[in-house]
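Encoded as structure tokens, the structure appears first; notes follow it.
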Amino acid sequence: MASSAPNNNNNLPLKPIPGSYGLPFLGPLHDRHDYFYKQGRDEFFATRIQKYNSTVIRTNMPPGPFIAHDPKVVALLDAASFPILFDNSKVDKRDVLDGTFMPSTAFTGGYRTCAFQDTTEPEHSLLKSFFLHILSSKHNIFLPLFRSVLTDHFNNMEESLAGKSKEASYNTSIGAATFTFIFRLLTDKDPNTTVIGSEGPKLVETWLGAQLAPLATLGLPKIFNYVEDVLIRTVPFPAWAVKGSYNKLYEGVSTAGTAVLDEAEKLGIKRDEACHNLVFMLGFNAFGGLSNQFPILIKWIGLAGEGLHKQLADEIRTVVRDEGGVVSLAALDKMTLTKSVVYEVLRIEPAVPYQYAKAREDLVVQSHDAAYEIKKGEMIFGYQPFATKDPKIFENPEDFVGHRFIGDGERLLRHVLWSNGREVDEPTADNKQCPAKNLVVLLCRVYLVEFFLHYDTFAFDWKPLVLGPTVTIKSLTKTSNF
């Protein structure tokens, strides 16, 4: 029987996994109501940890009946147990990207895209090698391309602030910039020159919304809770309802991405399959992730206040000045606070908070206090914010500490898990770690550099909505001394 811990503590007592699934049908509905409407996701897990005195528990996860055939999971809610989800010799990631249910392949041209495949499937290694090849071949344009689209993003926000509303929708602005960056990175073409035009973010959001609706709540007044629940969690949305949006995305990638699709065929991937995988990577993985990550980044920088803004601006401007005004990879490496701040954002609020897998075999998972046996075929669920805010790993885990990962703090990077792997590990064709892991960190660092080269500080409002924060910029104070 396998164990999850790299340094196994054989002295931990083996205990049965506490928790309850409740009565068939009614239990999942009760847990779903608690999760979305009565408690919210953090309180949902926190109350169960307290009730069962354990960070490994049995519970149901949404969406439940009738969309998910089996909502039962073993939930891992600490930093010790969570990493079993990264050990692909012990867990199977087949069709668990979205959890206890899988949207129809009609959303993706009839293909199970790479993200839904397990590492043991031959197509997985081939497709992920293709993605890694694309990224490695484009590394020279990451910086200039992203800095170019950020210029448009900043201009857009300033124009909105100067308009009648005197405020700027951060999510809308960064969403447009993000889509343009990803599309140009993959195809070398501007989406505005294709059938997609300026509608890219809207097309992706429509397509994603139909697939992920069962996992979300709109935050409506309580009197509408049951109506919402029935509407979005009784039967899945049909793919035909968003076919027009998806077809535009597919046609745009197909016509603009001829060079990258030629490369896919040379690797032995069917052109049609490669294109559907690229659309999924562009829309679900890249745009879906980054359009949530940047609002999370700006939210936490904003909440940290003007003191951190000044520290970041001083570090960034000093280094850039010393480098002759050039923003290069070498310059970025000298910005230790900027780098630490990005890691702290990724730690305190990972953009994708969930991980799922099925046990390949009977195994033992260890929390800090006990060991638990999980049977072959059981669904394992990890709630990442509880792993990356584990008080037995991080001091003051609920606080945003910008300098947390400077100096000796770098040893804590092994507990930063946002990329479906440890921050100290690297994506390969044979694992499930995000292929663009290093690019995401780089883009967040470059964003802060460009922002604080332009501005001293900013004022904002934010509110939680669906799967991430919605940010409104109220003012931008332009830099006066750089």
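A few comments on the model shown:
- Screening Y455 on (1) over 20 Å from L337 (Cα atoms); (2) touching a strand residue (DSSP E or B) at 6+ places or on another chain (Cβ under 9 Å); (3) open to solvent by less than 40 Å² (accessible area, probe 1.4 Å) shows it passes everything except condition (1).
- Hey, G200 within 28 Å of L278 (Cβ to Cβ) and crowded, with 20+ Cβ neighbours inside 10 Å or not: yes
- Given (1) open to solvent by less than 30 Å² (accessible area, probe 1.4 Å); (2) in contact (Cβ under 8 Å) with a residue 24 or more places away in the chain; (3) within 26 Å of L208 (Cβ to Cβ); (4) not polar (S, T, N, Q), number of the condition L465 does not satisfy: (1)
- From D78, D70, D87, D95, residue being among the charged types (D, E, K, R), out of contact with any Ser or Thr (no Cβ under 6 Å at 6 or more places or on another chain) and either surrounded by 22 or more Cβ atoms within 10 Å (Cβ to Cβ) or without any contact (Cβ under 8 Å) to a residue 60 or more places away in the chain (or both): D95
- Enumerated helices (runs of 4 or more DSSP H) restricted to the stretch 223-276, each holding at least 2 residues that are under 30 Å from Y35 (Cα atoms) and open to solvent by 20 Å² or more (accessible area, probe 1.4 Å): 225-233
- Count of residues meeting criterion [touching a Lys or Arg at 6+ places or on another chain (Cβ under 8 Å) and crowded, with 20+ Cβ neighbours inside 10 Å] in the stretch 29-56: 3
- Residues of the stretch 321-335 that are open to solvent by 70 Å² or more (accessible area, probe 1.4 Å) and part of a helix (DSSP H, G or I): R321, D322, L329, D333.
- Failed condition for F142, given (1) open to solvent by less than 30 Å² (accessible area, probe 1.4 Å); (2) hydrophobic (A, V, I, L, M, F, W, C); (3) out of contact with any Leu (no Cβ under 8 Å at 6 or more places or on another chain): (3)
- So V471, is it open to solvent by less than 40 Å² (accessible area, probe 1.4 Å), assigned to a helix (DSSP H, G or I) and β-branched (V, I, T): no
- Residue count, the stretch 361-406 (criterion: within 17 Å of P18 (Cβ to Cβ), of a type in the set (K, R) and in contact with a helix residue (DSSP H, G or I) (Cβ under 7 Å, 6 or more places away or on another chain)): 0
- Per-region count, the stretch 352-392, residues among the polar types (S, T, N, Q), in a strand (DSSP E or B) and open to solvent by less than 10 Å² (accessible area, probe 1.4 Å): 0
The values are calculated or read from the model by the stated rules, or taken from the named source; none is laboratory data. Everything numeric here is computed off the predicted structure, so don't read it as measured data. Cβ coordinates were reconstructed from backbone atoms using ideal geometry, including for glycine residues, and neighbour counts include every protein chain displayed. Only protein heavy atoms, including side chains, enter the accessible area calculation; ligands, DNA and RNA are left aside. Shrake-Rupley method; radii C 1.70, N 1.55, O 1.52, S 1.80 Å.
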